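Student: After the structure tokens below, expect a handful of questions from me.
The values are calculated or read from the model by the stated rules, or taken from the named source; none is laboratory data. Given the structure is predicted, the values throughout are model-derived calculations rather than measurements. Cβ coordinates were reconstructed from backbone atoms using ideal geometry, including for glycine residues, and neighbour counts include every protein chain displayed.
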Amino acid sequence: MKHAAVCLMFAATLAIHLSLLAGESRPLPTDAPARIELRDQFEAAHKLTFPTTNVTLLTIADRNGAAQVDAWIAALKQRYGGRVAIHGLADVGGVPGFVQGRVRKGFQETRKHPVMLDWSGRVCAQLGYQRDVANILVLDRNGVIQARFTGAATSAAVALVSAALDKVLAAPSQ
């Protein structure tokens, strides 16, 4: 019985690591935008343009993946603070026009930090976004996606994202 539990735990750990590695190995989009211009829930305009002086961590989520984002931000913001620019992007492309005001208000009530709202879904699609889970992208100073992770912020996943951020931070600026 004890041996079976150990085998099951090993299999689960292996499955998590393989899924994270599979997320990293997905092809990077070649048409990723060099500039992202969207408004947040407070109607403030946001522009992400590259090259930039900071490494960028971009979180992308839809309604189903949004619950996973907070844990990622809490784990990574504490460690990287001002060394990494952290931006949030919400895929709200399926929201009908007559409901958008209500959705925006919901974001205002639940999110005090700015979250860019992609009402068309085009920016999220260009970034190779995966639905129903949090998407974590590590972009270098030139806006090139260096690593991609999806899903919940487990300790193993946070360690992998941290390693990717450390690698990009250590790379010389060009």
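Student: What pairs can you find where one residue is in the range 33-52 and in contact (Cβ under 8 Å) with a residue 60 or more places away in the chain, the other is of a type in the set (Asp, Glu) and not in a strand (DSSP E or B), and their Cβ atoms are less than 7 Å apart, with a gap of 6+ or different chains?
Tutor: That search, which allows pairs on different chains as well, returns nothing.
Student: Same structure again: So which residues in the range 32-63 are in a strand (DSSP E or B) and of a type in the set (D, E, K, R)?
Tutor: Of everything in the range 32-63, those that are in a strand (DSSP E or B) and of a type in the set (D, E, K, R) turn out to be Arg35, Glu37, Arg39, Asp40, Lys47.
Student: Name, by its number, the condition in (1) of a type in the set (Gly, Ala, Ser); (2) modelled with pLDDT under 95; (3) surrounded by 11 or more Cβ atoms within 10 Å (Cβ to Cβ) that does not hold for Ala12.
Tutor: The one condition Ala12 does not meet is (3).
Student: Let me ask something else about it. Looking at the range 31-73, which of the residues that are out of contact with any Asp or Glu (no Cβ under 9 Å at 6 or more places or on another chain) and of a type in the set (Ser, Thr, Tyr) is nearest to Leu127 (Cα to Cα)?
Tutor: Thr59
Student: Cβ-Cβ distance below 7 Å, separation of 6 or more or different chains: which pairs start in the range 125-138 with a residue that is free of Cβ contacts under 8 Å to residues at least 24 places away in the same chain and farther than 21 Å from Ala163 by Cα and end on one that is among the charged types (D, E, K, R) and surrounded by fewer than 20 Cβ atoms within 10 Å (Cβ to Cβ)?
Tutor: Pairs that qualify, where the first residue is free of Cβ contacts under 8 Å to residues at least 24 places away in the same chain and farther than 21 Å from Ala163 by Cα and the partner is among the charged types (D, E, K, R) and surrounded by fewer than 20 Cβ atoms within 10 Å (Cβ to Cβ): there are none.
Student: Which residue out of Trp72, Trp119 is over 28 Å from Val168 (Cα atoms) and either in contact with a Lys or Arg (Cβ under 8 Å, 6 or more places away or on another chain) or surrounded by 17 or more Cβ atoms within 10 Å (Cβ to Cβ) (or both)?
Tutor: Trp119
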